[in-house]
1. Mind checking which residues of the stretch A:231-251 are farther than 30 Å from A:Leu350 by Cα and in contact with a His (Cβ under 9 Å, 6 or more places away or on another chain)?
2. With the requirement that a residue be in a loop (DSSP other than H, G, I, E, B) and small (Gly, Ala, Ser), what does the stretch A:328-345 give you?
3. With the structure loaded, tell me whether B:Val189 is assigned to a helix (DSSP H, G or I) and closer than 27 Å to B:Ser117 by Cα or whether it fails that test.
4. Does A:Ala66 qualify as being in a helix (DSSP H, G or I), aliphatic (A, V, I, L, M) and over 23 Å from the mean Cα position of the chain (by Cα)?
5. Any residue in the stretch A:245-264 that's part of a loop (DSSP other than H, G, I, E, B): show its pairings with residues that are basic (Lys, Arg) and surrounded by fewer than 24 Cβ atoms within 10 Å (Cβ to Cβ) at Cβ separation under 8 Å, as long as the two are six or more apart or on different chains.
6. Can you tell me which residue within the stretch B:57-74, out of those that are among the small types (Gly, Ala, Ser) and in contact (Cβ under 8 Å) with a residue 12 or more places away in the chain, is nearest to B:Gly376 (Cα to Cα)?
7. Please work out which one of (1) within 14 Å of chain A (Cβ to nearest Cβ); (2) touching a residue at least 60 places away in the same chain (Cβ under 8 Å); (3) surrounded by fewer than 18 Cβ atoms within 10 Å (Cβ to Cβ); (4) of a type outside the set (S, T, N, Q) is the condition B:Glu17 fails and give its number.
8. Got a sec? Which of A:Leu348, A:Leu384 is part of a strand (DSSP E or B), at pLDDT 95 or above and in contact with a Leu (Cβ under 6 Å, 6 or more places away or on another chain)?
Number of protein chains: 2
Amino acid sequence: MGKRVAIVGVGMSKFGELWDMNLRDITLEAGVSAIFDSQVKGSQIDAVTIGNMSAGRFTGQEHLGAQAVDMGGLGNIPAYSVEAACASGGAAVRHAYMAIMSGEHEVMMVLGCEKMSDVNQSEAMDTMSVASDWEWEGLFGATFPALYAFMARRHMLEHGTTLEHLSMVAVKNHANAAHNEFAQFRRPVPLEVVMKSGLLADPLRVLHSSPVTDGAAGLIMCTEERAKEFTDTPVYIESSEQAGDTLALHDRKDICTMEAVKKSSASSLKEAGLKIDDIDVFELHDSFTIGEIILTEDIGIAKKGEGGKILEEGLTEKDGKYPVNTSGGLKARGHPIGATGVAQIVELVLQLRGDADKRQVDGAEKGMAVNIGGTGATSIVHILGR
Amino acid sequence: MGKRVAIVGVGMSKFGELWDMNLRDITLEAGVSAIFDSQVKGSQIDAVTIGNMSAGRFTGQEHLGAQAVDMGGLGNIPAYSVEAACASGGAAVRHAYMAIMSGEHEVMMVLGCEKMSDVNQSEAMDTMSVASDWEWEGLFGATFPALYAFMARRHMLEHGTTLEHLSMVAVKNHANAAHNEFAQFRRPVPLEVVMKSGLLADPLRVLHSSPVTDGAAGLIMCTEERAKEFTDTPVYIESSEQAGDTLALHDRKDICTMEAVKKSSASSLKEAGLKIDDIDVFELHDSFTIGEIILTEDIGIAKKGEGGKILEEGLTEKDGKYPVNTSGGLKARGHPIGATGVAQIVELVLQLRGDADKRQVDGAEKGMAVNIGGTGATSIVHILGR
């Protein structure tokens, strides 16, 4: 194995409807927390990468890389902004991974952020459509809930998945989020409440969907050599892989599977020299609960069609064989779009360091994060190890 | 010198007001042209990076990386989107440079694009403000013409730069664009017409400003080893450097200079082992003509304050000592924001291959491109050599 990239610090802002903070404040909070956690000095940071989907529409500000360095007082260092819809955070992690592996930078700050609550719900829904195929989906009224509803309906038809299965994901993730101080929703929800929540896009109900969230997350990443300067408990990126698919859902052969997830998770395991059973803890993109079900199948925790069955068996509970979304996931931790992929990595780092408190998976040594853009047009997978 | 990154193909769409094409069509045209120019097969492309500023606002579509791969029929390969305001194109080139240097990819397509004419002029001006500091500049009415007008006014006061100097840049660049088949404006403009054109933001007039443009540009980049498969005339990236500055103009010590340009151009020369006099041809970011004047000073063609003087001396003419913007520059080739940084590289590659036709600088061996984001909060410099 060649040189590796290490993560030596993590930070989060609160996730939620942050009425008294703007995008700048939120992002700064995550970045400063990551600096404090890492013991890295601001002057030791060579460059910043930030992931964000649509601040241009949500807040009127692009050029966020430059803004992040500016407000952090980090001087004239390079700043990069990347976007991959809901996978923008994972794209930022992967960007920094490549920048460090290329030799261009040694110590980097990685940020993900989104401020979604400053526009009304209708505008927020419109803006989320920028991640779908606007000309062939969004323009005709196919919102994200509608697109995921297609997947859910088909999965029910082909594989016998039930409304109860869709709801069990929400129950599990809300229960986990109750122990996460940064989560948007910290209240457990009973199964019958999820099942009877308002209809969003049949069969999906409100409590099958992630919320509109403001929030940011941050990491300090560096070369393996430099990591020793900053911490005794570095976590390493064992592999970083990405794959894509058609932008529009209707162009795919099978909407019950995400080809990009199958490819990127398989190649990430191969690259890390691991099998799926070697992974101790998972963060899987559950923007809608059907998403988590499909992802457990596509990464190989469950056979295709049995994502509901493993929920019944409790395999993805915190103390199950394959703990999924101990953080609360997008469903309950919240889904500030550009922040999500970075927040997934924050959770895995806490788990691998043994710092996850009541959410801790005992003895976790390897973790996998799967961050999805759109309905699966982008999939970014990171495997971390200690 | 270690391994280098090569450019083996270039392509452009027409630049202009392209009423009968959408963002997809324009981008596809540039990408397909680059593939044809390179002799690379689509199946040999490992990944795509696309630079764009604000398609989310201009056209309702983000997730452009996924869209580019999808419409190109390139399969499940990774797709990256990067943004750095008007330096988004340069950021895409630098992203691919790092991705190839990291060993993650061998052959990549790089695209830059923007479709600006589908919104009205007022909305276009508002959208451009996402590249400035929205909360401290844009919100208070400081448009881009206004911000560059501050720089121009101060440069006139401190250094004796004149309205004639500001106008000579436009005259030169329009004359160059007359020979560029992809340029938006191919008609030479006399000095007195520029000087008497409508007032935009005193002292800047309409013909001191780059236009609203639709367009895209593309490159095929690969490792030095792979380059031999595709071409006998590879052009190499001798250095790729980036620096930043405060997002807002008013936070800088001196608005007659761009610190990020000074740093990134100096480090790019150092990295390439070259002096400024070794560079044969330059593409410098002239979104407003004062920009080209400031950049010639900051990269070291002229002493500070003498950017006007070297125009009088004809040093930056096509047949001068330091040819600047043989393509016509942003001023006359046009400035589709995310495409500009890539189009600068296309021009340098044509020059170094000897393919620049009537714009050819005899025997050009080294070229430098400087791509600016905002009022200089981002500067990305590439030096190319053959």
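The values are calculated or read from the model by the stated rules, or taken from the named source; none is laboratory data. These figures come from a predicted structure and were not determined experimentally. In this analysis, Cβ positions are derived from the backbone assuming ideal geometry, glycine residues included, and neighbour counts consider all displayed protein chains.
1. Our first condition is that a residue be farther than 30 Å from A:Leu350 by Cα; within the stretch A:231-251, this holds for A:245-251.
A:Leu247, the sole residue that qualifies.
2. Within the stretch A:328-345, A:Gly328, A:Gly334 qualify.
3. Details: assigned to a helix (DSSP H, G or I): no; closer than 27 Å to B:Ser117 by Cα: yes.
No, not satisfied.
4. It is true that A:Ala66 is in a helix (DSSP H, G or I), aliphatic (A, V, I, L, M) and over 23 Å from the mean Cα position of the chain (by Cα).
5. These pairs meet every condition: A:Asp245/A:Arg252; A:Thr246/A:Arg252; A:Ile255/A:Arg154; A:Cys256/A:Arg154; A:Cys256/A:Lys304; A:Thr257/A:Lys304.
6. B:Gly65
7. (1)
8. Values: A:Leu348 fails: part of a strand (DSSP E or B).
Exactly one residue qualifies, and that residue is A:Leu384.
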